[in-house]
Amino acid sequence: DISVRFPWIEVLNLCNFDLCVSDEAHYIKNKDSQRSSGVRQLKAKRFIALTGTPILNRPGEYWPILNIVDEKTFPAYETFLKQYTLDGRRAKNGAELLELLKPIMIRRLKKDVIKELPAINRINSYHELTPKAKKLYNKVLDGLYTILGEWDASRAGHTEEIANILVKIMRMKQVVAIDMIP
């Protein structure tokens with residue numbers, strides 16, 4: 001939405017950049033988000049959009065990225081949807097879209113670049129919880145054990161129960177993170 005103005009975009013546009021690089025470009029897939037709208041207002045002669053996260057949901061999610069990279073080929077969202085989706089969700093004319101993407105998109109699979117990637121370096125950091133945090137952590141942990149003890153695999157698919165388990169685990173992480181802040 002070009003009607004929303006962003007001061008930081010206007011300042012950047014005063015620089016008259018030749019090249020703009022958008023890393024983690026999948027974050028602009030929602031054309032209605034402020035981030036996406038802001039990025040599309042950036043002015044540069046050329047854009048490069050980088051992402052290691054493919055967009056898997058709907059073809060329309062490609063448009064904001066394609067629009068910044070090649071606005072002449074992909075000028076309007078509605079036109080893109082009509083041309084490359086059946087109902088705004090399901091893809092159509094995939095071969096045609098693929099041909100348009102060939103000159104502007106490089107797709108590399110993990111198996112093709114794994115040798116080039118650095119080794120995974122995990123850093124484990126240990127923290128002794130304060131007595132207050134330990135009490136809260138154990139309270140949440142007890143609640144998690146209660147939920148798990150009542151879990152019946154034959155009732156699988158109960159998303160509310162699964163969500164409760166995930167919320168408890170998240171809460172335990174939050175207790176530790178908050179305790180580590182000082």
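Just checking my list (1) 1, 9, 16, 16, 16, 13, 11, 8, 5, 3, 1, 0, 0; (2) 1, 7, 14, 17, 19, 19, 14, 7, 2, 0; (3) 1, 6, 11, 12, 11, 9, 10, 13, 11, 8, 5, 2, 0 against P(r) over Cα pairs in 5 Å bins from 0, in percent computed from this structure; which label fits?
Label of the calculated value: (3).
Around Pro103, what is the net charge, scoring Lys/Arg as +1 and Asp/Glu as -1 over all other residues with Cβ under 15 Å from its Cβ?
0
Longer than 23 Å from Cα to Cα, which of Lys72/Lys102; Lys82/Lys111; Lys45/Lys102 are they? Say none if no pair is.
Flagged as over cut-off: Lys82/Lys111.
Report, in whole Å, the centroid distance computed from the Cα atoms of region 50-98 and region 3-26.
Region 50-98 and region 3-26 have Cα centres spaced 21 Å from each other.
Counting only protein heavy atoms and using a 1.4 Å probe, what share of the accessible area of the chain belongs to carbon plus sulfur, as a whole percent?
Heavy-atom surface of the chain belonging to carbon and sulfur, 1.4 Å probe: 57 percent.
On a straight-distance basis, which aspartates and glutamates could pair with Lys29 in a cross-link, Cα separation under 16 angstrom, same-chain partners fewer than 8 positions away excluded?
List returned: Asp1, Glu61, Asp70, Glu71, Glu78.
Mind listing which GluC sites (Glu not before Pro) in region 48-142 are in a DSSP loop and have 12 or fewer other Cβ atoms within 10 Å?
Here the sparse-neighbourhood loop sites are Glu71, Glu128.
Treating the angle as unsigned and between 0 and 90°, give the value, to the nearest 10°, between the Cα long axis of helix 159-180 and the longest Cα principal axis of the chain.
That works out to roughly 80 degrees.
Calculate for the chain the 222 nm mean residue ellipticity that helices alone would give, adding -39,500 (n - 2.57) per DSSP H run of length 4 or more and normalising by residue count, nearest 500 deg cm²/dmol.
Estimated from H runs of four or more residues: -14000 deg cm²/dmol.
What does the convex hull of the Cα atoms of region 80-136 come to per residue, in Å³, rounded to a whole number?
Cα-based convex hull of region 80-136, divided per residue, equals 226 Å³.
Just to verify a number: FRET efficiency for Tyr145 and Phe6, C-beta to C-beta distance, R0 = 41 Å, to 0.05?
With a Förster radius of 41 Å, E is 0.30.
Using a 1.4 Å probe, what is the accessible area per residue for region 1-81, in Å²?
Here the per-residue accessible area is 64 Å².
Tell me which residues come under 5 Å, amide H to amide H, from Phe47 once H is placed; ignore anything under 5 positions away on its chain.
Excluding prolines and chain starts, which carry no amide H, the hits are Cys20.
The values are calculated or read from the model by the stated rules, or taken from the named source; none is laboratory data. Everything quoted here is computed from the prediction, not taken from an experiment. Neighbour counts are summed over all protein chains in view; Cβ atoms, including those assigned to glycine, are modelled from backbone coordinates with ideal geometry. All accessible areas refer to the heavy atoms of the entire protein, side chains included, with ligands and DNA or RNA removed. Shrake-Rupley method; radii C 1.70, N 1.55, O 1.52, S 1.80 Å.
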